[in-house]
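The block underneath contains the structure these notes are about, expressed in structure tokens.
None of the figures in this text is laboratory data; all of them are computed from the coordinates on show. For clarity, every value in this text was computed on a predicted model and none was experimentally measured. Every residue, glycine among them, receives a Cβ derived from its backbone with ideal geometry; neighbour counts consider all protein chains shown.
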Amino acid sequence: MSQPNIWEVWTAPSTVPVKTILVTGGSGLLGKAIEQALLAGESRDDERWVFVNSKEADLKDRLAVKRLFEKVNPTHVIHLAALVGGLFRNLGNNLDFLRTNMAINDNVLQTSFEQGVQKVISCLSTCVFPDKITYPMEESMLHNGPPHPSNFGFSHAKRILDIENRAYNLQGGGIFTAIIPTNVFGPHDNFNIEDGHMVAGLIHKAYLAKKNKTELTVWGSGLPRRQFIYSRDMAKIFIWALREYEDVEPIMATVGEDEEFSIRETADMIVKAMNFTGPVRFDTSRSDGQFRKTSSNAKLLKHLPGFQYTPTQQALQETCDWFNDNYGLARK
Ligand code: NAP
Ligand code: GDP
């Protein structure tokens, strides 16, 4: 079944919606998770959710963005679309990450401003924080020093997004704010081995190693540490923020500091979930990237006390099961 370029989740189309929410990047990891959460019961009758991919509108093109906004007439925007990639895609393409994401973000924010959109929730990332910093990282530290050199293009584009949010607010715009996720994974991720993030890449590599009875190669030393959040948990946070979060200051979306794993430990969990029994090798000729980016979830838990995270091994199992069941459809 082919995926449409624009699609809606609206439980009561006979009513007049109070909110029309445009989700850019609707076909990606986070966009699909939000769609699935709404379909699973999180939708509200007075909300019309409109999801789009890049074929509906190339957001690098200001005119295409204007046309999209005129067609959808959003009151709210969840802005997810971006040129996204793991460490190895960033390493060789800093200029593309900088220019593409600056263009997309500027077009979406300026058009939202011109059209009087009430709230825009964009996406930063914990990987855009300074490389030399005290841990755990908090929201206020975003601009306190240069980012890691591996992804400086992506990082500066995302940091400018935060600056634009603040400037639009001062200049009479709506609530333009951002969520700062840690590493996200889940169904519908980009499972391309060279371009994707670590979890998706390793799941794909484990799938092939199992099928071809070869060893599984993990890149780098396995020593760097990461916090991971399941896309289904992220979807709940985005939907909550859309409805309740009224602050221009960004908010981190991460698991607790005690839920940080080394790449080696994460690879072990993936090996278990994929039921891979062959040898695992670490290729230390490949980069380790940032050593850690341990982030605080204190602000999130202040707003959402008792937020129930999916346990990481369970979330990895669900993601591996999805990949095994949807190998033909998955982006890779
Ligand atoms: P993803 O799976 O790679 O999806 C990217 C989405 O952006 C797709 O829907 C894609 O549309 C769209 N897009 C890309 N270029 C576009 C363009 N020129 N015009 C219109 N749409 C375009 O990304 P994701 O992982 O869901 O990431 C969503 C957001 O979360 C991004 O802002 C990312 O920086 C942020 N984030 C992600 C992570 C993570 O670990 N994944 C962590 C922190 C923050 P097509 O399908 O048509 O290509
Ligand atoms: P990051 O968290 O922003 O650095 O991005 P990634 O999700 O790409 O994670 C990179 C870390 O995972 C580095 O320490 C890599 O050496 C390690 N890694 C191990 N195997 C893989 C793999 O197959 N793909 C990717 N992208 N990273 C891997």
Q: Take the cross-link list K66/K332; K32/K205; K32/K332; K236/K332; K132/K236; K19/K119 and give me the ones stretching past 21 Å between alpha-carbons.
A: K66/K332; K32/K205; K236/K332; K132/K236
Q | Computed FRET value (nearest 0.05) for L63 with Y327, which takes r as the C-beta separation and R₀ as 30 Å | A | 0.20
Q. For helix 263-274, what angle does its Cα long axis make with the longest principal axis of the chain, in degrees from 0 to 90 and rounded to 10?
A. 90 degrees
Q) So between K55 and E138, what do we pick up on full extension, going 0.36 nm a residue minus the alpha carbon distance? A) 26.3 nm
Q) Over segment 112-245, what is the percentage of antiparallel beta bridges among all DSSP beta bridges, to the nearest 5? A) 10 percent
Q. By counting other Cβ atoms within 10 Å of each Cβ, how are L242, L30 ranked from fewest to most?
A. L242, L30
Q. If the label point is 7 Å along Cα→Cβ of N5, which residues in segment 38-54 have backbone nitrogen under 18 Å from it?
A. 50-54
Q) What is the antiparallel percent of DSSP beta bridges lying wholly in the chain, to the nearest 5? A) 20 percent
Q) Once label points are set 7 Å from the Cα along Cα→Cβ at both T284 and E249, what is their separation, rounded to one decimal in nm? A) 4.3 nm
**Q.** In range of the label at L301: residues from segment 214-257 whose backbone nitrogen is under 16 Å from the point 7 Å along Cα→Cβ
**A.** 227-229, 252-257
Q.
Please give me the summed charge of the neighbours of N93: other residues whose Cβ is under 13 Å from its Cβ, Lys and Arg +1, Asp and Glu -1.
A. -1
Q: Take R264, project a point 7 Å from its Cα along the Cβ direction, then tell me which residues of segment 201-222 have their backbone nitrogen under 12 Å from it.
A: 221-222
Q) Once every DSSP H run of n ≥ 4 in the chain is given -39500 (n - 2.57) and the sum is divided by its residues, what mean residue ellipticity at 222 nm do you get, rounded to the nearest 500 deg cm²/dmol? A) -12000 deg cm²/dmol
Q: Mind checking the full-extension length gain between R292 and L39? Use 0.36 nm per residue of separation minus the Cα-Cα distance, one decimal, nm.
A: 87.6 nm
